[in-house]
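Participant: The structure follows.
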Amino acid sequence: MFTKDVVAKLTPEQQEILAQMEFRRTQRQLKLLATARGCDWRSRYFPVFYFGVLLLLLGAYGFNIFPVQAQLASTYLPVGAVMVFLLYGNSSRTNRRLDALLELLDLERRDGPLPRGENAPVVAREKTPEATA
């Protein structure tokens with residue numbers, strides 16, 4: 001990491017290139033972090049939806065609603081296929097989150113974590129209300 005003294009000795013073009021590199025690095029880490037967190041509703045409410053549909057189908061079969069016990073099982077095959085594809089989508093989303101987590105771990109091992117506070121590089125430091133006042 002570059003300190004204030006080192007950055008001050010660089011030419012303006014070099015400072016701009018350094019700022020762009022740090023900006024891209026920070027953007028990449030934030031994107032990976034958002035992917036790893038799984039901040040979308042699908043990853044949180046998928047089990048509720050999946051098992052809710054399953055319970056509805058089991059309830060329809062158990063209470064013989066819409067004479068489901070007399071119908072062939074092949075009529076329910078499309079519902080089963082949709083459930084399998086939903087489960088596959090959920091597992092692939094989970095794998096994507098795990099991949100992002102492993103990549104974040106690799107980046108942290110290679111580059112070190114993003115410093116916070118006084119040790120933060122000049123180009124990556126966030127502006128706080130205290131610093132602007």
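Participant: Among helices (runs of 4 or more DSSP H) lying entirely in region 1-64, which contain 1 or more residues that are of a type in the set (Ser, Thr, Tyr) and surrounded by 11 or more Cβ atoms within 10 Å (Cβ to Cβ)?
Facilitator: Because the criterion is at least 1 residues that are of a type in the set (Ser, Thr, Tyr) and surrounded by 11 or more Cβ atoms within 10 Å (Cβ to Cβ), the helices (runs of 4 or more DSSP H) in region 1-64 that meet it are 12-37, 41-62.
Participant: Any chance region 118-127 includes a residue that's out of contact with any Leu (no Cβ under 7 Å at 6 or more places or on another chain), surrounded by 11 or more Cβ atoms within 10 Å (Cβ to Cβ), aliphatic (A, V, I, L, M) and modelled with pLDDT under 60?
Facilitator: Yes, there is a match, as at least one residue in region 118-127 is out of contact with any Leu (no Cβ under 7 Å at 6 or more places or on another chain), surrounded by 11 or more Cβ atoms within 10 Å (Cβ to Cβ), aliphatic (A, V, I, L, M) and modelled with pLDDT under 60.
Participant: Can you find a residue in region 71-87 that is at pLDDT below 80 and outside any helix (DSSP H, G or I)?
Facilitator: Yes: one or more hits.
Participant: Does region 90-103 contain at least one residue that is surrounded by 10 or more Cβ atoms within 10 Å (Cβ to Cβ), at pLDDT below 85 and closer than 30 Å to Lys31 by Cα?
Facilitator: yes
Participant: What's the total number of residues in region 106-117 that are at pLDDT 75 or above and surrounded by 12 or more Cβ atoms within 10 Å (Cβ to Cβ)?
Facilitator: Number satisfying all stated conditions: 2.
The values are calculated or read from the model by the stated rules, or taken from the named source; none is laboratory data. If you're wondering where the values come from, they're calculated on a predicted model, not measured in any experiment. Cβ coordinates were reconstructed from backbone atoms using ideal geometry, including for glycine residues, and neighbour counts include every protein chain displayed.
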